Ligand SMILES: Cc1cc2nc3c(=O)[nH]c(=O)nc-3n(C[C@H](O)[C@H](O)[C@H](O)COP(=O)(O)O)c2cc1C
């Protein structure tokens, strides 16, 4: 049994989630390839039983590379177990999670996959006051800062909203799916 974890990440947050998922699946004795879609342009999903594809969200969008991967491999993914995940600000708040799930996961799955994914994961983001990622990033930082202040959190500190236990148990469910087929 072989799994692929392929991700698109602009600021590194989804990349770290992908790394953790791959590490965790490997510990469950499933062979895993971890691929940064930006680095490997023509990543082929054919050799894998399980394909996990993830992306960070910017202005409502997946990375171009991760969407291209889904489309380039559309027919081969139709034969496999596919799981999708995103890292986004919408996951950080209960109020915005349903919208995040619909826009960033359900709609993307409906548009880009032939079959329903076996799982979807809506994972949180990171606020880092010292990160330097350009103008768009700085603008959202200002918005986040206000939001943190409203919640009583210190905006001069880094906040990681990723639920690592939740991410690991999501990955564990996927390995269970694979193992039960053996
Ligand atoms: C310029 C910018 C735009 C963003 N737009 C959205 C958005 O539309 N919806 C959302 O839920 N999160 C948004 N976010 C938060 C990111 O999705 C979040 O930081 C995510 O972890 C980024 O993943 P990455 O580091 O893998 O690229 C935005 C962040 C930035 C910096």
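The values are calculated or read from the model by the stated rules, or taken from the named source; none is laboratory data. On a predicted model such as this, the values are computed, not experimentally measured, just so you know. Cβ placement follows ideal geometry from the backbone for every residue including glycine, while neighbour counts extend to all protein chains displayed.
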Quick test of your reading of the structure: residue 16 fulfils all but one of (1) out of contact with any helix residue (DSSP H, G or I) (no Cβ under 9 Å at 6 or more places or on another chain); (2) more than 10 Å from the ligand (Cβ to nearest atom). Name the failing condition by number. (2)
Could you identify the single residue in 41, 80, 111 that is in contact with a strand residue (DSSP E or B) (Cβ under 9 Å, 6 or more places away or on another chain) and in the same structural domain as residue 165 (by TED's automatic domain parsing)? 80
Only one of 53, 32, 86, 5 that is more than 16 Å from the ligand (Cβ to nearest atom) and in a strand (DSSP E or B): 32
Only one residue in 66, 75, 96 is away from the ligand (no atom under 14 Å from the Cβ) and either more than 20 Å from residue 1 (Cα to Cα) or assigned to a helix (DSSP H, G or I) (or both). Which one? 75
Whichever residue in the stretch 132-157 is under 20 Å from the mean Cα position of the chain (by Cα) and either in contact (Cβ under 8 Å) with a residue 60 or more places away in the chain or not in a helix (DSSP H, G or I) (or both) and, among such residues, is nearest to residue 31 (Cα to Cα): 133
Residue tally, condition on the phi < 0 side of the Ramachandran plot and surrounded by fewer than 22 Cβ atoms within 10 Å (Cβ to Cβ), over the stretch 58-89: 17
Residue 27 versus (1) within 16 Å of the ligand (Cβ to nearest atom); (2) surrounded by fewer than 16 Cβ atoms within 10 Å (Cβ to Cβ): which is the lone unmet condition? (1)
Residue by residue through the stretch 158-182, note down the ones that are assigned to a helix (DSSP H, G or I) and in contact with a helix residue (DSSP H, G or I) (Cβ under 8 Å, 6 or more places away or on another chain). 164, 167, 168, 170, 171, 172, 174, 175
For the stretch 100-140, which positions are within 11 Å of the ligand (Cβ to nearest atom) and in contact with a helix residue (DSSP H, G or I) (Cβ under 6 Å, 6 or more places away or on another chain)? 100, 122, 123, 124, 125, 126, 127
